[in-house]
1. Can you give me the long-range amide H partners of A:ILE72? Hydrogens built in the peptide plane at 1.01 Å from N, cutoff under 5 Å, separation of 5 or more residues or another chain.
2. Which ³J(HN,Hα) values, rounded to whole Hz and listed in residue order, are derived for the range B:86-102 from phi using the Karplus coefficients 6.51, -1.76 and 1.60 in 6.51 cos²θ - 1.76 cosθ + 1.60 with θ = phi - 60°, glycine and proline given as x?
3. Collect residues whose amide H, placed 1.01 Å from N in the peptide plane, falls under 5 Å from the amide H of B:TYR294; neighbours closer than 5 in sequence don't count.
4. Distance in nm between label sites at B:SER279 and B:VAL146, each 7 Å beyond Cα in the beta-carbon direction?
5. Pick out, in residue order, every one of the chymotrypsin sites (Phe, Trp or Tyr not before Pro) in the range B:1-107 that is DSSP loop and has at most 16 other C-beta atoms within 10 Å; say none if there are none.
6. Sorting B:MET331, B:MET370 on the 10 Å Cβ count, fewest up front, what's the list?
7. Residue by residue through the range B:158-173, which ³J(HN,Hα) values in whole Hz follow from phi under the Karplus form 6.51 cos²θ - 1.76 cosθ + 1.60 (θ = phi - 60°), with glycine and proline marked x?
8. What is the magnitude of the charge dipole of the range A:3-98 about its Cα centre, with +1 placed on the Cβ of each Lys and Arg, -1 on the Cβ of each Asp and Glu, and no other charges, expressed in debye to the nearest 20?
Amino acid sequence: MGKLIVVACGAGINTSTIAEDSIRERMAQEGFADVEVKRILMADIEGYLTRSDLVMIVSMMKIFRTFDVPVIQGMPFLIGSQEEKNVLLEKIVNVVKSK
Amino acid sequence: MEILQNAVAWFLGLGSTVIVPIVLIILGLIFRVGFAKAVRGGVTTGVGLAGLFLVVNLIISALQPAVQALATNMGISKSYVDVNWADAGIAWGWPGIAGLIVSLLVVNILMVVLKLTKTLWTDVWSYWHGSALAGFVWALTGGNVVLGIVAGVLYLVLGSLMSDLTAKKYQEFNDMPGIGVPCGTTVQASLFAMPVVWLLDRVPGLKDWDASPEGIKKRFGLIGEPAILGLVLGFIIGIAAGYSVQQWLGLGMQVATMMVVLPRMVSIIAEGIVPITMSIVQYMRERFKGREIYVAVDCAVLLGHPAVMASSVILFPLCVLLAAVLPGVQMLPIASLAVIPFWAGAVVPYTKGNVIKTVIVLLLYSIPFMYFSTLTVDSHTAAFQMMGQYGEQISQGLKLASWDMGGDILGFFIQKLFGLFS
């Protein structure tokens, strides 16, 4: 079964696109063919929480609730240095590998 | 000379969905993102633009007769069609877009070097606010690209100064050190909120009045979802217009489609632009390491707090009602309601997440947007027409308006200023 990473932001337009781009590139480098990276509106997240292939959420906003899957704060994708981005991508790779 | 003029006329005659991909591919090559990425980004942006214009066509054909029937039926005058984020189509499609991007990059870097601002404008997507305004000024001055660029850069420079004033508050409230949000109507909402919240805090009884965001979300949360909001609005407009059941059911679905699909099209445009501009963004970030810098991010990052959606679902119907009853306001907000959560995101840090205060601040804040979107309708409509869109309908009297960016407060005054040159 495939693995789904959702990248959630307020509008699903800009900030999530930036993160999605970086994550997708890294997944391709790792050779993870079965990983789907999808950017969504945070308001639409309910529909994804019930999906059994969901492995993690990357949030571009501050989160005020808890989820059953790991959540990563994606802000470094927007404002971080290359090293900070790499640390974050490493975390995401580890979560994907562990599932 | 004549050959050159003919060549330019031929190129402009291609229309924005062809010109913009070409311009972006060239920009991408200058920014050294690689050929494949540049082509993919450019073409994707063109696809997004074309899609956006298609959706606006749908909005016009569905809403124009409905809004007119409603106005006749209710004896009010609301004849403008709300296209809201279709303004992103003007922003990325008007002929000066490449000049605007490069000019702002240069001006912003200079300002940061000279310590005139702390906001490093790395979020190229958000230039669209200034670029849409630039497009209006371009239309207003009868096609003056240079004046358009100057107006757009002025708007964005003022945005970075406003971002300096608000950044600390956003950072603390959202727990995001180092960010700044210079986006158009959003950051202005924060400035507006400062004195209003100060006053509200001094009104006895109001000071501690609050509503639970979770409770509101449970009861009205469904309205916060764009499809449902559109459906309900379509039903209400159809019924008020005296439509048959069959007609208003259909209108509900059309408005729901618009609420969902319009932002999706805008997101396709972003999907094309973001990869092309990423390298320049990374370069700017590395260049100013070690200085206290607010890195510009999109206003979408401010939407996390539960009070944002709770305030928005209360504001949706209130704003429609207010626009319906205010005399002289010609546009019933429908697509424009989508901007309200972004305003709320900019205001909750100042109301400390208080839903009631956020609603009061934003209901007041929406009033100038209602009037300014009406007052700027001609330059707004002309910008679409000059880009070769909806010419036939416009010549038959169609008027297109929006809150974001047509109703923008700062943008309104900049348009007035540059109108002196026309």
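Each value in this text was obtained by applying a stated rule to the coordinates, not by laboratory testing. Just so it is clear, the structure is predicted and the values come from calculations on it, not from any experiment. Don't worry about glycine lacking a Cβ; one is built from the backbone with ideal geometry, like all the others, and counts go over all protein chains shown.
1. Under 5 Å from the amide H of A:ILE72 lie the amide H atoms of A:ILE57, A:VAL58, A:SER59, each far enough along the sequence or on another chain.
2. Rounded to whole hertz, the list is 4, 4, 4, x, 5, 4, 8, x, 6, x, x, 4, 5, x, 5, 4, 5.
3. B:THR119, B:LEU120
4. Simple spin-label model gives 3.1 nm for this pair.
5. Answer in residue order: no site qualifies.
6. Values: B:MET331 29, B:MET370 23.
Ranked by crowding around the Cβ, least crowded first: B:MET370, B:MET331.
7. 4, x, 5, 5, 5, 5, 4, 6, 10, 4, 4, 5, 4, 4, 5, 5
8. My answer is approximately 160 debye.
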